[in-house]
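Undergrad: Next up is a structure, given as structure tokens.
The values are calculated or read from the model by the stated rules, or taken from the named source; none is laboratory data. As the structure is a computational prediction, the values presented were derived from the model and not from experiment. For neighbour counting, all protein chains shown are included, and Cβ atoms are generated from backbone atoms with ideal geometry for every residue, glycine included. Side chains included, ligands, DNA and RNA excluded: accessible areas come from the protein's heavy atoms. Shrake-Rupley method; radii C 1.70, N 1.55, O 1.52, S 1.80 Å.
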Amino acid sequence: MAKKTIITAAVTGAWPKKENNPNVPLTPAEIAEDVYKCWQAGAAVAHLHMRDDAGNGTMDKNKFAETLRLLKTNHPDCDIVLNLTTSGDLYATEETRQIHLKELRPEMGSYDCGSMNWMHSGLFINSPAFLTELGNNMQEWGVKPEIECFDPGMIANAAYYLKKGVLKGPLYFQMCMGCANGIPGSVKNLLFMKETMDTLCPGSNWSAFGVGHSAMEILYAAVALGGNVRVGMEDNVMYSKGVLAESNAQFVERAARVIREFGNEVATPDEAREIIGLKK
Amino acid sequence: MSWGPCFFYYHCPQCGKRFKYATDLIADLGPRFGLCPECGAEGVLEKEGARTPDDLQYEEIEE
């Protein structure tokens with residue numbers, strides 16, 4: 001039986017705006033429609049960020065709720081796994097970074113496993129106290145953490161929280177490659193991230209994405225190394241060098257082609273639930 | 001949360017060409033990082049950021 005590969009669609013993020021690519025979805029209605037189109041194209045997981053009315057990243061729980069309501073109301077056939085960010089605004093409080101998980105109970109939420117500088121200009125803070133509280137809360141609320149790692153030290157941090165019981169295995173990692181202040185995007189570095197994960201958190205599952213020039217390199221490498229993939233305009237507004245993406249679904253369609261050409265099958269949402277270890 | 005690539009945006013003091021390099025290539029490219037792809041001159045750093053609005057006016061250099 002062919003291996004199943006999960007495609008996660010990260011459709012919005014907190015950064016790109018219409019001036020970067022007019023096809024970036026920003027409103028709850030736009031995001032919900034994009035998620036549906038990505039699901040139709042083969043995405044099993046949707047990683048969601050929200051924007052305020054000015055287009056800036058926000059952790060406004062009402063925006064999350066409205067997006068989920070629109071998706072459910074307008075597309076009741078869509079069974080995509082919802083993965084809500086906990087890091088959609090660098091200035092959000094620790095409370096607003098998690099209250100939407102408590103109230104909306106998505107199947108997954110992001111868990112950024114350490115602090116780092118942000119774009120050489122700011123701070124992306126995930127303090128020990130916050131990660132401990134968030135990990136415990138996610139267990140209580142039945143929300144599976146997606147462990148986002150921007151460098152190998154964050155994988156070691158995940159191993160620490162796993163040992164402490166703040167995180168519960170099997171873990172699901174998202175290797176974030178090529179972001180400023182994180183590990184550069186290359187096959188060599190992705191292999192090192194995977195080997196670090198295998199050593200420190202054996203039995204874990206993983207996905208990866210690369211921003212910018214490393215997007216395709218990491219996509220192909222993740223499939224070849226037995227991982228899963230994430231695509232979308234959160235990470236890349238360019239479809240290829242000098243060419244703006246037409247839609248998020250365009251990225252998903254390409255990832256699905258790569259997976260099938262490799263000899264794998266694109267995982268359905270229910271297959272993704274099994275791989276990641278979700279309880280529907 | 002990701003934020004796309006971070007670029008250094010340059011222009012060439014000799015031929016005027018506009019180009020950009022993703023900062024995660026600093027280690028790989030070493031002294032070649034920041035050179036004009038046309039004439040090899042050291043580029044003049046104008047700004048840095050993630051996909052500025054005039055991003056498409058700068059050719060992305062990867063090697």
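Undergrad: Compute for chains B and A the buried accessible surface, both sides summed, probe 1.4 Å, and express it in Å² to the nearest 100.
TA: The contact between A and B buries close to 2200 Å².
Undergrad: Per 20 Å bin, what percent of the C-alpha pairs of the protein assembly as shown does each bin hold, from zero upward?
TA: For the protein assembly as shown, the binned pair fractions read 33, 59, 8, 0 percent.
Undergrad: So, one more: How large is the dipole of chain B about the Cα centre if only Lys and Arg carry +1 and Asp and Glu carry -1, each at its Cβ, rounded to the nearest 20 debye?
TA: It comes to approximately 160 debye.
Undergrad: Which residues of region A:216-248 bury at least 10 Å² of accessible area once all protein chains are present, versus their chain alone (1.4 Å probe)?
TA: At a threshold of 10 Å² (probe 1.4 Å), the residues of region A:216-248 that become less exposed are A:Glu234, A:Asp235, A:Val237, A:Met238, A:Lys241, A:Gly242, A:Leu244.
Undergrad: While we're on this one: Taking all protein chains as present, what is the carbon and sulfur share of the accessible area of the protein assembly as shown, in % to the nearest whole number, probe 1.4 Å?
TA: Here carbon and sulfur together make up 52 percent of the probe-accessible area.
Undergrad: With only alpha-carbon atoms in the gyration tensor, what are the semi-axes of the equivalent ellipsoid for region B:1-46, in Å, largest first?
TA: Listed largest to smallest, the semi-axes of region B:1-46 are 21, 12, 6 Å.
Undergrad: Taking 50 Å² as the minimum loss, tell me which residues in region B:1-25 lose that much accessible area going from the chain by itself to the full protein complex (1.4 Å probe).
TA: Flagged in region B:1-25: B:Met1, B:Ser2, B:Trp3, B:Asp24.
Undergrad: Same structure again: Go ahead and run the numbers for FRET between B:Glu59 and A:His120, Cβ-Cβ distance against an R0 of 22 Å, rounding to 0.05.
TA: 0.50
Undergrad: Additional query: In nm, what is the difference between 0.36 nm times the number of residues separating A:Lys72 and A:Trp141 and their Cα-Cα distance?
TA: Gain in length upon complete extension: 22.8 nm.
Undergrad: Something else: For the pair A:Ala65/A:Glu195, report the inter-label distance in nm, with labels modelled 7 Å from Cα in the Cβ direction.
TA: Taking the two extended label points, one gets 4.9 nm.
Undergrad: About the Cα centre of chain A, how large is the charge dipole given +1 on each Lys and Arg Cβ and -1 on each Asp and Glu Cβ? Please answer in debye to the nearest 20.
TA: Roughly 460 debye, rounded to the nearest 20.
Undergrad: If R₀ is 51 angstrom, what is the calculated FRET efficiency for the pair A:Thr93 and A:Met1, using the beta carbon separation as r and rounding to 0.05?
TA: It comes out at approximately 0.65.
Undergrad: Still on this structure: Please check: in the Gaussian network model of chain A (C-alpha springs, under 10 Å), which one of A:Met175, A:Met216, A:Met108 has the largest mean-square fluctuation.
TA: Maximum among the listed residues: A:Met216.
Undergrad: Follow-up. What does the helix-only formula give at 222 nm for chain A: each DSSP H stretch with n ≥ 4 adding -39500 (n - 2.57), the total divided by the residues, and the result rounded to the nearest 500 deg cm²/dmol?
TA: Helix-only estimate at 222 nm: -12000 deg cm²/dmol.
Undergrad: A further question follows. Cross-link candidates for A:Lys241: which lysines have Cα within less than 21 Å, leaving aside residues fewer than 8 places away along the same chain?
TA: Answer for A:Lys241, where 21 Å is the Cα cut-off: A:Lys17, A:Lys18, B:Lys17, B:Lys20, B:Lys47, listed by chain and number.
Undergrad: Then there is this: Using θ = phi - 60° and the Karplus curve 6.51 cos²θ - 1.76 cosθ + 1.60, what whole-Hz ³J(HN,Hα) does each residue of region A:252-267 get, with Gly and Pro shown as x?
TA: Ordered by residue, 3J(HN,Hα) equals 5, 4, 5, 4, 5, 4, 4, 4, 5, 5, 5, x, 8, 10, 7, 5 Hz.
Undergrad: Skipping prolines and chain starts, which residues have an amide H placed within reach, meaning under 5 Å, of the one on A:Ser207, given they are 5 or more residues away or on another chain?
TA: A:Phe173, A:Gln174, A:Met175, A:Asn228
Undergrad: If the elastic network links every pair of Cα atoms under 10 Å, which of B:Gly40, B:Gly16, B:Gly30 fluctuates the most in the Gaussian network model of chain B?
TA: Residue with maximal mean-square fluctuation among B:Gly40, B:Gly16, B:Gly30: B:Gly30.
Undergrad: For B:Lys17, project a label point 7 Å along Cα to C-beta. Then give me every residue of region B:33-63 with its amide nitrogen under 12 Å of that point.
TA: In region B:33-63, the label zone of B:Lys17 (backbone N under 12 Å from the point 7 Å along Cα→Cβ) covers B:34-43, B:59-63.
Undergrad: Excluding ligands, DNA and RNA, what is the solvent-accessible area per residue of the protein assembly as shown at a probe of 1.4 Å, expressed in Å²?
TA: Dividing the accessible area of the protein assembly as shown by its residue count gives 41 Å².
Undergrad: Now, a different point. Could you state the number of Å between the C-alpha centres of region A:208-257 and region A:169-201?
TA: 16 Å
Undergrad: Could you name the lysines in cross-link range of A:Lys72, using Cα to Cα under 18 Å and dropping any fewer than eight places away on the same chain?
TA: Filter leaves A:Lys37, A:Lys61, A:Lys63, A:Lys280.
Undergrad: Hey, another quick one. Take chain A, connect every pair of alpha-carbon atoms lying under 10 Å apart with a spring to form a Gaussian network, then pick out the residue of A:Asp235, A:Asp53, A:Asp151 with the largest mean-square fluctuation.
TA: Its mean-square fluctuation being the largest, the pick is A:Asp53.
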